[in-house]
Amino acid sequence: MFKSAQYQLDYSFTIVNDRTPLTEIKKKLNEYNFVIVAGGTYFIINNYEFNLMALGNDSMPIIDWLRHLKWLPSTVVLADKGLPSEVDWRRPVLFKNEGEYMGILTSGKEIKKLNEENNKISAYFETLAETISDSVTAVDESGNVVYWNTTAEETYKIKKEFILGKKIGEHFNNDSVILHRILNEGRFVRGEYHRPNKDTHVLINALPIIIENKIIGGVATEHNITNIIRLNEELDSTSSLLVPKTNPFSAMVTGSPKFQESLKIAQKVAHADIPVHITGEPGSGKEMLAQAIHYGGAKADGAFITLNCAVIPAAILEIELFGFQKVTDTSEQQTLQIGRIEQASNGTLFIEDVDKMPLSIQGKLLEYLVDHSFYRVGGVEKIASTTRIITSTSEPIDLLLREGSLNEKLYFHLSVITIDIPPLRTRKEDIVTLVDKYINEFSAKYKKVVPKVHPETMLHIVNYDWPGNVREMRNTIERIVLLNDRPSITSEQLPESIKSKIKINNNERKGVESTPAEISSKNAEALQIEEALRKTYGNKSAAASLLGISRGTLYNKIKEYGLS
């Protein structure tokens with residue numbers, strides 16, 4: 001991981017042959033740190049070992065005295081190859097390079113270098129662990145905590161001094177500690193939902209630390225999703241009723257023939273206990289229609305539960321759908337979380353953006369639709385539930401199937417009844433009615449006098465494309481009513497998104513005055529062309545056929561309206 005520091009060699013040495021008398025060795029030890037005795041085998045004498053030399057006869061060859069003392073030979077290392085895996089550190093090590101003596105390395109210097117490298121690696125690890133926003137825990141092979149970062153302190157309210165050096169099981173139930181599994185099984189965990197205690201929800205990544213095929217510890221990072229779970233629960237508990245429970249379809253009045261046909265189908269299938277799939281752009285009112293089907297059908301007395309696959313992390317989506325069950329030896333320790341299917345038993349579960357659900361979970365949802373039973377995550381008991389399933393998607397179905405984001409078998413099971421909600425820009429005839437409805441609704445909510453809408457302002461509202469559909473319009477009208485203190489609503493009170501569109505339209509006219517009827521007609525035609533191009537994914541020949549005009553006429557219209 002890190003390039004080793006240069007070996008801290010000692011260059012204060014001299015070389016003698018093994019027949020050199022002791023008296024000469026003693027002199028050399030006063031001048032140098034080391035004396036190297038060469039003669040087939042290398043012996044190194046340190047100057048602090050002078051007293052051992054003083055005990056011998058001055059005329060005695062050094063090799064005889066070393067043999068008498070049973071002096072250990074030194075390891076010889078070729079400098080370009082570095083230290084071998086096994087070195088006898090009881091004696092200093094001699095570094096050579098092609099016959100040249102490079103220097104001497106002692107165990108003390110090597111230990112100092114290793115400590116420095118270890119401190120450097122530890123500093124990098126600690127800095128990295130403190131930089132990330134996840135909890136980081138490291139344990140040794142016995143499960144003793146050797147590292148615990150600040151985020152872990154904040155998440156679990158346990159200070160470092162109370163957990164470092166102690167077994168992690170002292171603070172958490174052994175069965176709930178994934179690091180124990182890592183140490184025992186040696187396999188990694190990635191993005192796994194985990195509840196280390198009843199108040200905390202995390203997504204965990206964990207890996208064993210392995211040296212020479214032996215597990216010496218483990219590291220885990222835990223991303224705290226407790227706030228996401230709580231926010232999701234709060235959103236579920238405060239989910240608003242979008243339609244009246246009695247005569248729910250009365251809230252969905254439309255002058256659009258296409259939408260009227262969709263509503264007729266919805267009313268017919270409301271009492272049939274079969275899955276329904278709703279398509280439509282974001283904000284077009286899919287949840288509203290799902291509620292109308294639920295409260296207008298046989299399961300109206302049951303719960304209406306929603307599951308938005310676009311906002312729930314994929315790692316916990318299966319638990320949210322089917323629930324979670326941790327079976328332990330005693331029933332008192334059992335962890336149980338009821339999933340949405342079970343919560344909506346004898347009622348309706350509306351699954352928004354089902355294409356955002358991982359394909360593996362889509363397969364399990366299909367299994368439930370076939371036999372109306374399922375297993376909780378971690379559970380062994382099969383649960384039966386008579387829950388009606390309504391799903392929705394915001395993208396064209398053929399595109400989702402082509403991209404592989406929607407399980408084809410699941411779609412075929414859901415698509416017995418498919419209801420499409422046309423975008424608001426294609427049903428301009430509904431806009432005035434919706435504006436009046438929302439003005440009355442929010443005037444009553446905020447206890448205000450119902451204001452009038454200036455005719456020119458209404459024209460701008462009608463001509464706006466409303467990319468966010470009914471949801472965008474409802475939020476816009478609520479904001480206007482809340483902030484309005486005048487008897488009428490004028491163009492000045494419209495949001496910038498609509499004002500900017502007015503400016504663009506004014507620039508395009510280039511001084512040529514058009515009547516409101518002409519403007520409305522041109523906008524309607526442009527919207528029809530845009531819708532045809534969207535449906536045909538930009539294929540102009542197909543769009544022309546759909547519109548009943550020639551391809552040349554379509555090209556001219558696209559140029560006239562500045563469409564892409």
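The values are calculated or read from the model by the stated rules, or taken from the named source; none is laboratory data. Predicted model only: the values in this text are computed from it and were never measured. Every residue, glycine among them, receives a Cβ derived from its backbone with ideal geometry; neighbour counts consider all protein chains shown.
For this structure, a couple of remarks:
- When the residues of segment 409-437 are filtered to those that are over 24 Å from Lys499 (Cβ atoms) and in contact with a strand residue (DSSP E or B) (Cβ under 7 Å, 6 or more places away or on another chain), the one that is surrounded by the fewest Cβ atoms within 10 Å (Cβ to Cβ) is Ser415.
Here's the yes/no breakdown for (1) surrounded by 15 or more Cβ atoms within 10 Å (Cβ to Cβ); (2) not polar (S, T, N, Q); (3) not assigned by TED's automatic domain parsing to the domain that holds Glu24:
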| position | (1), (2), (3) |
| --- | --- |
| Asn46 | yes, no, no |
| Gly56 | yes, yes, no |
| Leu66 | yes, yes, no |
| Asp80 | no, yes, no |
| Asn97 | no, no, no |
| Glu100 | no, yes, no |
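- The set of residues in segment 266-313 that are free of Cβ contacts under 8 Å to residues at least 60 places away in the same chain and assigned to a helix (DSSP H, G or I) comprises Gln267, Lys268, Gln291, Ala292, Tyr295.
- Qualifying residue in segment 85-95 (condition: of a type in the set (Asp, Glu), surrounded by fewer than 12 Cβ atoms within 10 Å (Cβ to Cβ) and out of contact with any Cys (no Cβ under 9 Å at 6 or more places or on another chain)): yes
- Residue within segment 439-449 that is in the same structural domain as Leu547 (by TED's automatic domain parsing), at pLDDT 90 or above and of a type in the set (Val, Ile, Thr) present: yes
- Identification of helices (runs of 4 or more DSSP H) wholly contained in segment 429-508 with 2 or more residues that are more than 24 Å from Leu242 (Cβ to Cβ) yields 455-463.
- Qualifying residue in segment 504-525 (condition: surrounded by 14 or more Cβ atoms within 10 Å (Cβ to Cβ), under 21 Å from Asp430 (Cβ atoms) and either at pLDDT 75 or above or in contact with a strand residue (DSSP E or B) (Cβ under 9 Å, 6 or more places away or on another chain) (or both)): no
- Enumeration of residues in segment 106-124 that are more than 15 Å from Gln8 (Cβ to Cβ) and not in a helix (DSSP H, G or I): none
- Residue satisfying condition, being in a helix (DSSP H, G or I) and surrounded by 13 or more Cβ atoms within 10 Å (Cβ to Cβ), within set Thr137, Thr151, Thr127: Thr151
- Filtered residue count, segment 195-224, keeping only those that are at pLDDT below 80 and buried (at least 20 other Cβ atoms within 10 Å of the Cβ): 2
- In segment 438-466, the residue that is surrounded by the most Cβ atoms within 10 Å (Cβ to Cβ) out of those that are within 42 Å of the chain's Cα centre (by Cα) and in contact (Cβ under 8 Å) with a residue 60 or more places away in the chain is Asn463.
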